[in-house]
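Comments concern the structure below.
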Amino acid sequence: MSVFKFDPAKKGLRKTLREYEELALRFIWSVGEEGSGSGKTWDVVNRQLGSGNSISRASIIFFLNRMVEQGVLDFRDATGKGGHHRIYFPILNEREYRKYVLKTIVQSMLRDFPEETKEALKEIL
């Protein structure tokens, strides 16, 4: 199952993603099926973070692989300069990702607090 932290005080995708993770995911969504390797994704994210803020390539790789494990992204193997590498591409678009996050949270709450979750959902809806 998925592993992410949920911070209700944050807005949008930042509720579950760090800034660099959101930038990386948005970049992969923008390139679509063409996909991108970790190096290019890392370069794009660091340019968008701006001076004084940078993230390691290893952090990008760990994040992209976590998204693969969660079924948000997939990859194909490619060969090139330096040997084999992964080209990541989206399985879920942004809307589907948001739905995935919501379903994961609600299912977790239903498992641990079934009655309270059902009551709260009825009150909200």
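Laboratory data are not the source of any read-out in this text; all were calculated from the coordinates shown. Model, not experiment: these values are computed from the prediction. For neighbour counting, all protein chains shown are included, and Cβ atoms are generated from backbone atoms with ideal geometry for every residue, glycine included.
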Query raised in the report: Do you know the relative contact order of the chain, to the nearest whole percent, from alpha carbon pairs under 8 angstrom that are 6+ apart?
Result: 22
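When the chain is fully extended, how far beyond the present Cα-Cα distance does residue 116 get from residue 14, taking 0.36 nm per residue of separation?
Values: separation 102, 0.36 × 102 = 36.72 nm, distance 2.60 nm.
Extending this stretch completely gives an extra 34.1 nm.
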Query raised in the report: At residue 125 and residue 30, where each label point lies 7 Å from the Cα along Cα→Cβ, what is the point-to-point distance in nanometres?
Result: 3.6
Query raised in the report: What order do you get for 61-71, 77-87, 9-19 when each peptide is scored by the mean count of other beta carbon atoms within 10 Å, highest first?
Result: 61-71, 9-19, 77-87
Report summary line: For residue 122, the aspartates and glutamates lying under 18 Å Cα to Cα, once residues fewer than eight places off in the same chain are dropped, come out as 112
**Report entry** Pairs from 40/99; 10/103; 5/99 whose Cα-Cα separation, in the structure shown, is over 24 Å
**Finding:** 40/99
**Report entry** Tensor-based shape of region 18-106 (alpha-carbon gyration tensor, a/c under 1.5 rounded, otherwise prolate or oblate)
**Finding:** oblate
Report task. Give the cross-link partners of residue 11 among the aspartates and glutamates, using a straight C-alpha distance below 13 Å as the criterion and excluding same-chain residues fewer than 8 apart. Result -> 19, 22
